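Chemist: Structure below; questions to follow.
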């Protein structure tokens with residue numbers, strides 16, 4: 001019996017793959033052992049697709065898309081059909097996969113995720129430039145309606161496509177029924193786009209899953225719900241939703257959310273940097289009512305963004321702004337400076353390309369430069385305070401970026417005190433790297449003498465002792 005089954009399987013595969021030429025079979029051979037589907041920039045995948053474009057017939061590609069030995073061969077065939085602008089063929093393949101649970105493990109850079117083959121079929125049309133905008137929209141609408149009207153509905157597929165669904169009464173009625181029946185938060189967010197007041201209680205009934213929908217439908221009637229569940233505000237989705245409101249009632253909730261976040265950060269022994277996320281959430285929609293609340297955080301928690309500082313300057317005198325900056329700088333700890341709002345999607349490339357996004361020293365230096373334009377006196381005090389709280393490894397970069405050796409050399413006492421009393425001797429070498437940039441021979445020699453006086457501490461770890469010896473040798477220091 002087993003031999004019979006094996007023979008039947010062999011005949012099946014032979015019959016199936018007799019529908020593709022030997023050349024096409026050879027082209028797709030490298031994909032038979034695939035366990036990941038890479039982006040089109042992957043060398044092997046790109047080569048396979050280029051060869052399929054040139055050598056494979058449309059009939060072969062359709063066959064491979066439907067009956068390929070694995071999901072990766074199917075996906076490659078679908079992509080090539082898209083390149084050949086075979087929209088009708090892709091639509092038919094999509095129909096046959098409406099209820100399929102087959103998935104690809106997809107890799108983009110270092111990110112890996114699983115998603116449905118049917119979603120890949122949809123994206124073969126919607127992503128890229130294979131089809132004109134009119135063709136693309138027509139195919140997308142047809143696929144979306146197929147997913148919405150399938151029986152039974154493939155919820156994973158529909159949820160993946162739901163954000164592109166057209167807005168009309170027929171779709172609204174179907175989506176609402178599915179939401180009531182399945183309790184899908186993804187579809188609830190789509191339903192919320194209709195902004196129907198009759199859906200408010202339905203949305204609230206989803207509890208912690210309601211906030212993505214509230215973000216789409218920021219009706220004032222949701223504010224008591226958010227206030228009642230203020231403990232949820234530590235979740236991203238809650239703050240995304242709350243940021244969509246701009247009223248005095250919402251402002252009070254924002255203040256409560258900040259205090260709750262600060263309390264949690266304190267319990268976790270978390271510095272002002274942990275306020276950065278909620279801080280940026282609050283002003284991502286640029287509601288000016290919230291700006292004074294955020295400005296106050298500079299005076300209590302030493303966190304500021306350039307946007308909020310610019311607004312403060314516009315609404316206060318130069319003398320008031322100088323005092324505002326000084327009061328914040330005099331607080332203990334390092335300043336947390338925000339250059340660009342990472343949740344501002346209109347300027348998303350600024351977040352990726354801006355050096356200040358990744359360089360906290362550059363952000364601090366930029367804040368100091370702004371302060372200098374407002375008050376030289378406050379600037380000098382701010383530089384002193386910054387040196388006092390600067391981390392050991394930041395000294396060289398900070399001094400190099402500030403390019404104001406004279407102001408830093410007014411604070412030799414802080415530099416020497418940090419060399420004597422910082423937590424570990426190894427960090428003192430990093431401070432000496434910064435001092436060297438100042439080109440002050442006397443200061444460097446005083447610092448070197450302190451390093452030598454701590455030489456016993458460098459014996460704690462071999463790497464410390466090695467760095468100490470290198471420092472002594474490179475700088476011709478006598479022990």
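Chemist: Of all residues in the range 160-173, which are in a helix (DSSP H, G or I), crowded, with 16+ Cβ neighbours inside 10 Å and modelled with pLDDT under 95? Break it down into steps so the answer makes sense when it comes.
Modeler: At the first step, the residues of the range 160-173 found to be in a helix (DSSP H, G or I) are 160-164, 169-173.
With the extra rule that they be crowded, with 16+ Cβ neighbours inside 10 Å, the set shrinks to 160-162, 171-172.
Of everything in the range 160-173, those that are in a helix (DSSP H, G or I), crowded, with 16+ Cβ neighbours inside 10 Å and modelled with pLDDT under 95 turn out to be 160, 161, 162, 171.
Chemist: Of (1) within 33 Å of the chain's Cα centre (by Cα); (2) surrounded by 18 or more Cβ atoms within 10 Å (Cβ to Cβ); (3) in contact (Cβ under 8 Å) with a residue 40 or more places away in the chain, residue 365 satisfies all except one. Which?
Modeler: Of everything listed in (1) within 33 Å of the chain's Cα centre (by Cα); (2) surrounded by 18 or more Cβ atoms within 10 Å (Cβ to Cβ); (3) in contact (Cβ under 8 Å) with a residue 40 or more places away in the chain, residue 365 misses just condition (3).
Chemist: With touching a strand residue (DSSP E or B) at 6+ places or on another chain (Cβ under 6 Å) and touching a residue at least 12 places away in the same chain (Cβ under 8 Å) as the only criterion, which of 142, 103 stands out?
Modeler: Numbers: 142 fails: touching a strand residue (DSSP E or B) at 6+ places or on another chain (Cβ under 6 Å).
Residue meeting the stated conditions: 103.
Chemist: Could you check, for the range 112-129, whether at least one of its residues is surrounded by fewer than 18 Cβ atoms within 10 Å (Cβ to Cβ), without any contact (Cβ under 8 Å) to a residue 12 or more places away in the chain, over 23 Å from the mean Cα position of the chain (by Cα) and under 19 Å from residue 238 (Cα atoms)?
Modeler: no
Chemist: Sticking with this structure for a sec: Hey, among the residues in the range 224-251 that are under 19 Å from residue 286 (Cβ atoms) and over 21 Å from the mean Cα position of the chain (by Cα), which one's surrounded by the fewest Cβ atoms within 10 Å (Cβ to Cβ)?
Modeler: Only one residue tops the list, namely 248.
Chemist: Within the range 187-243, which residues are more than 20 Å from residue 260 (Cβ to Cβ), in contact with a helix residue (DSSP H, G or I) (Cβ under 9 Å, 6 or more places away or on another chain) and in a loop (DSSP other than H, G, I, E, B)?
Modeler: Answer for the range 187-243, where residues must be more than 20 Å from residue 260 (Cβ to Cβ), in contact with a helix residue (DSSP H, G or I) (Cβ under 9 Å, 6 or more places away or on another chain) and in a loop (DSSP other than H, G, I, E, B): 193, 194, 195, 196, 206, 217, 218, 219.
Chemist: Would you please name the residue that is modelled with the lowest pLDDT, looking only at residues in the range 44-94 that are within 34 Å of the chain's Cα centre (by Cα) and in a loop (DSSP other than H, G, I, E, B)?
Modeler: Checked the range 44-94; the qualifying residue modelled with the lowest pLDDT is 70.
Chemist: When you scan the range 133-148, do you find a residue that is assigned to a loop (DSSP other than H, G, I, E, B) and either touching a helix residue (DSSP H, G or I) at 6+ places or on another chain (Cβ under 8 Å) or at pLDDT 95 or above (or both), even just one? Can you show your working first?
Modeler: Step one: filter the range 133-148 for residues assigned to a loop (DSSP other than H, G, I, E, B), giving none.
No - not one qualifying residue is present in the range 133-148.
Chemist: Before we move on, is residue 191 closer than 21 Å to residue 242 by Cβ and surrounded by 19 or more Cβ atoms within 10 Å (Cβ to Cβ)?
Modeler: Working: closer than 21 Å to residue 242 by Cβ: yes; surrounded by 19 or more Cβ atoms within 10 Å (Cβ to Cβ): yes.
Spelling it out, residue 191 is indeed closer than 21 Å to residue 242 by Cβ and surrounded by 19 or more Cβ atoms within 10 Å (Cβ to Cβ).
Chemist: Take residue 266 and tell me if it is surrounded by fewer than 20 Cβ atoms within 10 Å (Cβ to Cβ) and under 30 Å from residue 146 (Cα atoms). Don't jump to the end; show me each part of the working.
Modeler: Details: surrounded by fewer than 20 Cβ atoms within 10 Å (Cβ to Cβ): yes; under 30 Å from residue 146 (Cα atoms): no.
Here the answer is no, as residue 266 does not meet what is asked.
Chemist: Same structure, new question: Residue by residue through the range 375-386, note down the ones that are part of a helix (DSSP H, G or I) and surrounded by fewer than 19 Cβ atoms within 10 Å (Cβ to Cβ).
Modeler: Initial filter on the range 375-386 (part of a helix (DSSP H, G or I)): 376-386.
Within the range 375-386, 376, 377, 380, 381, 384 qualify.
The values are calculated or read from the model by the stated rules, or taken from the named source; none is laboratory data. Every value quoted in this text rests on a predicted model; they were computed, and no experiment measured them. For neighbour counting, all protein chains shown are included, and Cβ atoms are generated from backbone atoms with ideal geometry for every residue, glycine included.
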